[in-house]
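Please read the structure below before turning to the comments.
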Amino acid sequence: MAPKKTPKGKSGFFGMRAKPSGNFRLEVSDVGQRWWLGTYPTADEAARAYDMAVWRAGRPKTDLNFLEAESQAVVEWLVPQGIRMEEMPAKKAKKKPAVVVAPGESDEAAMAWFA
């Protein structure tokens, strides 16, 4: 049996961050993809929207905030306004080009090549 995941953050739910305004920012990530789900006024609403996104993304039931949800229909009934999943662009790692200075080469020559 796999160990149970511990909910993250102060809210006690997966996928959300509390904003200074008191609202909850919600996003879901999966292998190579991220979805923005919006901002919700309460942690409970955000957690239910997160569960709907988990069902839509085809992720395992263990990723749900409310494990008692028996089906996608039950989860969608609990979020009557629905959700809008906007795919977010993946963050690209910024790589700095390497400069190799050969023996006997001056720093000025290396910098001229780099520029």
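The values are calculated or read from the model by the stated rules, or taken from the named source; none is laboratory data. These numbers come from a predicted model, not from an experiment. FYI the Cβ positions are ideal-geometry reconstructions off the backbone, even for glycines, and counts take in every protein chain you see. Heavy atoms of the whole protein, side chains included, go into the accessibility calculation; ligands, DNA and RNA do not. Shrake-Rupley method; radii C 1.70, N 1.55, O 1.52, S 1.80 Å.
Worth a mention:
- Restricting region 20-55 to residues that are within 19 Å of Met88 (Cα to Cα), more than 13 Å from the chain's Cα centre (by Cα) and of a type outside the set (S, T, N, Q), the residue that is modelled with the lowest pLDDT: Trp55
- Scanning region 33-66 for residues that are more than 24 Å from Gly22 (Cα to Cα) and open to solvent by 30 Å² or more (accessible area, probe 1.4 Å) gives Gln33, Trp55, Arg56, Ala57, Gly58, Arg59, Pro60, Lys61, Thr62.
- Pairs where the first residue, in region 11-26, is touching a residue at least 40 places away in the same chain (Cβ under 8 Å) and the second is part of a loop (DSSP other than H, G, I, E, B) and open to solvent by 40 Å² or more (accessible area, probe 1.4 Å), C-beta under 6 Å, 6+ apart: Phe13/Pro7; Phe14/Pro7
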